[in-house]
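Heads up, the thing below is written out as structure tokens.
The values are calculated or read from the model by the stated rules, or taken from the named source; none is laboratory data. All figures in this text were calculated on a predicted structure; none of them were measured in a lab. Cβ: placed from backbone, ideal geometry, glycine included. Neighbour counts: every protein chain shown.
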Amino acid sequence: EYNKHLKEAIRNVKLKPGALKLLNHLKSHKIPMGLCTALNKKDFQFETEHFNDIGLFEIGKYFEVIVTAEDDADVCENKPSPIPYLVTINRFRNIPKPENVLVFEDSNEGIQSAVFAGTQCVMLQDVRQYENTSQLVVITLTSFNDFKPELFSLPKYE
């Protein structure tokens, strides 16, 4: 019964406003993208299966790399350690320098992980407060709709 309610609640989860617009924009400009989650693969698939109809999390559709840090053999320590992001970065075909990687995060642990890995981090603020990590990020946004790619030397929205 609990799993039935949980599955129903997860099915109603929507992408953050502007997320698909940003993904499509970056994809159209051939900007490589990766996803790094603290979850294990089973939980990640469970939480994202309602997006299967649009293929959102199929490798190659948007994301070149997806790392599920909790059960990835190369990740010996989960977020807030930098290791999950360093593993993700090193799996790109053309490995970028960490300082050239832009990360969007919505958790304290994720922000710390991204910053400690040497990346530029954008905080996506939700209802929680992040007093401890807000000074670590480049910018704080309430939605992907507020993101201006040109501020990070990315192609401007048309």
* Name the one entry in Asp71, Asp126 that is modelled with pLDDT under 95, out of contact with any strand residue (DSSP E or B) (no Cβ under 9 Å at 6 or more places or on another chain) and part of a loop (DSSP other than H, G, I, E, B). => Asp126
* Quick check, is Glu131 of a type in the set (Asp, Glu), loosely packed, with under 13 Cβ neighbours inside 10 Å and either at pLDDT 95 or above or under 21 Å from Cys76 (Cα atoms) (or both)? -> no
* Can you spot a residue in region 50-58 that is of a type outside the set (Val, Ile, Thr), out of contact with any helix residue (DSSP H, G or I) (no Cβ under 7 Å at 6 or more places or on another chain), crowded, with 18+ Cβ neighbours inside 10 Å and outside any loop (DSSP other than H, G, I, E, B)? -> no
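Output yes when any residue across region 148-155 is hydroxyl-bearing (Ser, Thr, Tyr) and surrounded by fewer than 14 Cβ atoms within 10 Å (Cβ to Cβ), and no when none is.
Yes, some residue in region 148-155 is hydroxyl-bearing (Ser, Thr, Tyr) and surrounded by fewer than 14 Cβ atoms within 10 Å (Cβ to Cβ).
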* Between a first residue in region 22-46 that is closer than 12 Å to Pro155 by Cα and a second residue that is assigned to a strand (DSSP E or B) and not β-branched (Val, Ile, Thr), which pairs have beta carbons less than 9 Å apart while being 6 or more apart in sequence or on different chains? -> Leu22/Phe104
